[in-house]
């Protein structure tokens, strides 16, 4: 599934000095609760996911909303789970909200679990020693 159907890879403006001098806004993808994906998803931006995916996610920032269901592995700088996630999370920061249902393994520098979250699995916090 290719979702970059509106991008134009032959656009000469992409190679102009002006396009590189401007500070880029992070890309933002909003996938609501009717979306179903079978396969892997890659993004260099923020992904707010409320649908269902069976596959791996590699993104910069991931928010699995309350309606979201992820069955797969996640690699990201920051992950917030408000819905369901079954798999492995490898990230710098992970937050499991009170509504989260997580089964799997988390390896992150910082892990926050809110009261009420349903968590079953293995957690490994790898925070660097600050002393």
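Nothing in this text is a laboratory measurement; each read-out follows from the coordinates by a stated rule. Here the structure is a predicted model, which means the values were calculated and not measured. All Cβ positions, glycine included, derive from the backbone under ideal geometry; neighbour counts span all protein chains shown.
Please determine whether any residue of the range 83-97 is within 18 Å of residue 43 (Cβ to Cβ), surrounded by fewer than 15 Cβ atoms within 10 Å (Cβ to Cβ) and in contact with a strand residue (DSSP E or B) (Cβ under 6 Å, 6 or more places away or on another chain).
yes
Looking at the range 42-72 only, could you name the residues that are surrounded by 18 or more Cβ atoms within 10 Å (Cβ to Cβ) and either in contact with a helix residue (DSSP H, G or I) (Cβ under 9 Å, 6 or more places away or on another chain) or outside any strand (DSSP E or B) (or both)?
Result: 43, 50, 51, 59, 65, 68, 72.
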